[in-house]
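Below: one structure, written as structure tokens.
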Amino acid sequence: MHEQPPNSDLDIKQFDPSLYNEDLAPLKPQARTWGAFEIFNVWSNDIQSLFGYTLAASLFLTYGLNGWAVMAAIILAGVIVMYLVNLTGKPSVKYGIPFPVMVRASMGVRGANLPAMLRAIVGIFWYGVQTYFASTAVALLITAFIGAGSGMTFLGLSGVAWVSFVIVWLFQIAIFWQGIERIKHFLNLAGPLVYVVMVVLMGIVWYQAGDELLPAIGTIFSGSGEQNMGAVGAFLAIVGTMVAYFAAVVINFGDFTRFVKTERQMKLGNLLGLPLNVAFFSFIALIITAGTLVLFGEALTNPADIVERVDSLPLTIIAALTFFAATVGINLVANFIPPAYDLANLFPSKISFKVGGLITAVIAFFVGAFWISFISQIGIPGFVNALGAIVAPFYGIIVVDYYLIKRQQLDIQALFSSKPGSTYYYTNGWNTRALIAFGGAALFSLSTVLVPALSSLGGYGWLIGAGLGGAFYFGLMRQFKAAPTFTQQKAS
């Protein structure tokens, strides 16, 4: 285990105010309170959302692949993501810095604003969308008690839907405003709660399906559906789809690991939270899906549809609260915290972590409010997916830079300096070689979204884009021999 850096020895007075505020500053070891359990719950909340369950359940049905192969593909994806986040999380464990500060080492102290801004746009958009979806769980609960109302709508939302949306929006701000510790407590509560409810639901379905459950599982595991891309292609598509699902958190995982006490705790949390967690949650989804095949005559992959078919008030209440907690959890993890840091990085002297979160929430309010009536109708999700594909090369650049170019040694003082000639100043604060590598790789990853002939690569275009970004960056940095020697700060 490495020794933590002596962040207390840094000369904060020498930090450039345009690059520094207290939220972006290196976190001292004594201020870190997260362990493996907190990291496990980051992934639990990421996986156990409405969309996460539907995705896991549908993978057993969509590709016509043998169920054991589907399970293997899902577990393999968990292992891959675990490896990816171990790489991006380690620098922030070591130095206590968030993603937008860490990326300054490769992109330059000013160039880091580019990946931070692109990541912020993606996060803000999906934060608004997920806020709307979380509000549907609250609306389900309200409707169960008072009915659906008059039926009048505004911007496609009923009165109950509007009330639910505002409640969720304010609830998320309230949690965020109380700081990262309150967010940690919510994640630690929501993750296990969702698991308990899902296990109970699995037990109920298993009991009601009785002896017919195992034959139904056998039907799903037979892989009797059509395989338009062949068994190998289907297997790779499932792996790619699951990796892409986690991609939003993979790049900026340092935003969370900066709070972790040790690298060992991070790795243990990733092991429990990714391959093992994904495997168990997928097993739960499989059992429940097979049970719906027995009970309702068709395989249902949307939990809301299952609750509606059962038509039980107690189940509706429990399910609504569970769906709400799960969706808010993933929203905080994937779509709220990252943009808050990213926006703070743009103007550190004016925007704090909390102010960045408030800006995120305000913009996202309009995204969620206009989702039904406008945004979902004009193809903007495709635009945001394209931005997500563009961000992929930054992963490769960050990892190659830290491990192969910088040799896991960063000059923390220089990360907050914009003096010409300083370590990460490069050319006017921008590393032009990193920009070239990013541009070349982004052309490919973006093509998997926009070019029909490459649509088959869409599932794993993110991985290829990240790989190309790293390869191009390594080649350019080696060719120009431009990487200076970095010295790790030593304890006094």
| request: Using 0.36 nm per residue of separation minus the Cα-Cα distance, give me the extension gain between ILE317 and TRP162 in nm, one decimal. | output: 53.9 nm
| query | To the nearest 0.05, how large is the calculated FRET efficiency for VAL196 and LEU61 if R₀ is 35 Å and r is the Cβ-Cβ distance? | reply | 0.85
| query | To one decimal place, what Kirkwood hydrodynamic radius in Å is obtained for the chain from all pairs of distinct Cα atoms? | reply | 23.5
| remark: Any DSSP H helix in the chain with Cα axial reach of 18 Å or more and mean Kyte-Doolittle score of at least -1.0? Listed by number, the hits are 67-95, 113-146, 159-177, 180-209, 230-250, 277-296, 313-330, 353-369, 380-400, 432-450, 461-480
| request: Give me the number: length gained by fully extending ASN428 to LYS13, i.e. 0.36 nm times residue separation minus the C-alpha to C-alpha distance, one decimal in nm. | output: 147.2 nm
| At R0 = 41 Å, FRET efficiency that the Cβ-Cβ distance of ALA453 and LEU404 yields, to 0.05 | 0.80
| Of LYS28/LYS90; LYS28/LYS419; LYS90/LYS406, which pairs sit farther than 23 Å apart, going by alpha carbon to alpha carbon? | LYS28/LYS419
| Among LYS354, LYS90, LYS419, LYS13, which comes first, then next, by fewest other beta-carbon atoms within 10 Å? | LYS13, LYS419, LYS354, LYS90
| query | By how many nm would the segment from THR33 to PHE145 grow when fully extended, if each residue of separation counts as 0.36 nm and the alpha-carbon distance is taken off? | reply | 36.3 nm
| task | Just need the relative contact order of the chain here, percent rounded to a whole number, with Cα pairs under 8 Å and 6+ apart. | result | 32
| task | Rank these for me by crowding, GLU263, GLU212, GLU22, going from fewest to most other beta carbons within 10 Å. | result | GLU22, GLU212, GLU263
| note | Cβ density ranking, 10 Å radius, fewest first, applied to THR289, THR136 yields THR136, THR289
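All of the numbers you see were taken from the coordinates with simple rules; none came from a lab. Keep in mind that this is a model prediction, so the values were computed, not measured. Neighbour counts are summed over all protein chains in view; Cβ atoms, including those assigned to glycine, are modelled from backbone coordinates with ideal geometry.
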